[in-house]
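Only one structure is covered here, and it is reproduced in the block below.
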Amino acid sequence: MILAIETSCDETCAAVCTPDGEVLSSVVASQVTDHAAFGGVVPEIASRRHLELLSPTVITALREAGIDEDQLTNVAVTAGPGLIGALLVGVSFAKGYAYARGLPLIAVDHLHGHVASLQLAENPPSGAHLVLLASGGHTLLIDVADDGSLTTIARSMDDAAGEAFDKGARLLGLGYPGGPALGGLAGTADPRTRAFTTPLHGRDDLAFSFSGLKTALALSVQSLAADDQFGRSELAASYQEAIVTHLVERAELGLASTGRTTLGVVGGVAANARLRDRLGELRADVVLAPLSACGDNAAMIAMASRTLSPLTPNEMTSLDAHARSPLG
């Protein structure tokens, strides 16, 4: 049995998974209310809340899985990338937990975890495929080879897609988290009425870019009357549509570039309803991470750990958190 721990940002997560990939429990202790007043995640608050929440979250995950500690065979933990203070809480806990119980420890890259979240889908991809990873911190196209090796072929030159949603929501006077709030404001408004130019449209390179779109929204908001609620809805719809169109266009280019016929879509932005709608335009088999696994969770870390080797005793002792990933 694998106990997995994830504390890369503002969600305190623990999960229990069998060696063959059956998820017995997946617990997420959300910190949204702790950060909402600040309009985004405050790293120091996130770290302190992880310290308070991690032990009870692990206990809950074990109880919901219906197993005892002595049935565990491995401990897996997110070692990076993410907020360094938040990561250190999870890594330190996992190291102590594994050492005290004589269990092997597996260090997992958070981005690898998101890719592995596809294995939680009803019909997970098999063989080589392309993955669109769109989250609050990263927007990537990752090529997955037949042997499971990962190669990043495109990344954002500036903001991530999820960050663009959050910043756009803030410009429109919405709360945190921004993605759901902005999608709600967009509602059924016509995105063509105040259409934004799709970033990098017409270019055949595989990069992403969202900062110019954010600037365009900021300028549009400035010219909007304070009481023009319908105008705000139209701006939200157009802004969301531009982000989604950019993601779909880049994914299509990635598929053509690699010759892959299957696209996996993961990360927090993969939960966006408009994106899920538009992905049907692609001439590819599209596999979406389950909604419950789009955001940060420990089940995906457990799934990723199944293909990785445990750390040696020396590696375990020296394991430290890292803020960046070779994939990102």
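FYI, it's all coordinate maths here, none of it is from the lab. Since we're looking at a predicted model, the values are computed, not measured. Reconstructed Cβ throughout: ideal geometry from the backbone, glycine too, with neighbour counts over all protein chains shown.
Cβ crowding within 10 Å, taken as a proxy for footprinting-reagent exposure, orders MET316, MET303 from fewest neighbours to most as MET316, MET303.
When Rg and Dmax are taken over the Cα atoms of the chain, they come to 20.0, 64 Å.
Magnitude of the charge dipole for the chain, about its Cα centre and with charges confined to Cβ atoms of Lys, Arg (+1) and Asp, Glu (-1), is about 480 debye. The angle between the Cα long axis of helix 161-171 and the longest principal axis of the Cα atoms of the chain comes to about 60 degrees, rounded to the nearest 10.
Once divided by 2.2 N^0.38 Å, the Cα radius of gyration of region 94-199 becomes 1.45. The angle between the Cα long axis of helix 84-101 and the longest principal axis of the Cα atoms of the chain comes to about 20 degrees, rounded to the nearest 10. What the Cα convex hull of region 224-313 gives, in volume per residue, is 167 Å³. Net charge in the neighbourhood of SER223 (other residues with Cβ under 13 Å of its Cβ; Lys, Arg +1, Asp, Glu -1) is 0.
Taking label points 7 Å from Cα along the Cα-to-Cβ direction, ILE59 and THR193 give a separation of 5.3 nm. Between the Cα long axis of helix 211-222 and the first principal axis of the chain there is an angle of about 50°, rounded to the nearest 10. With 0.36 nm allotted per residue and the present C-alpha distance subtracted, the MET157-PHE38 stretch has 40.2 nm of extension available. Footprinting exposure proxy ranking of ARG203, ARG49, fewest other C-beta atoms within 10 angstrom first, gives ARG203, ARG49. The convex hull defined by the C-alpha atoms of region 49-109 has an orientation-averaged projected area of 4.2 nm². With the convex hull of its Cα atoms as the shape, region 127-288 has an orientation-averaged projected area of 8.8 nm². Taking label points 7 Å from Cα along the Cα-to-Cβ direction, SER126 and HIS322 give a separation of 3.3 nm. Using a cutoff of 8 angstrom between alpha carbon atoms and counting only pairs six or more residues apart, the relative contact order for the chain works out to 25 percent. Take the Cβ atoms of GLU315 and SER223, set R0 to 51 Å, and the FRET efficiency comes out at 0.35. Cβ crowding within 10 Å ranks HIS129, HIS114 as HIS129, HIS114, fewest other Cβ atoms first. Packing here is the average count of other Cβ atoms within 10 Å per residue, and on that basis the peptides 178-190, 265-277, highest first, run 265-277, 178-190.
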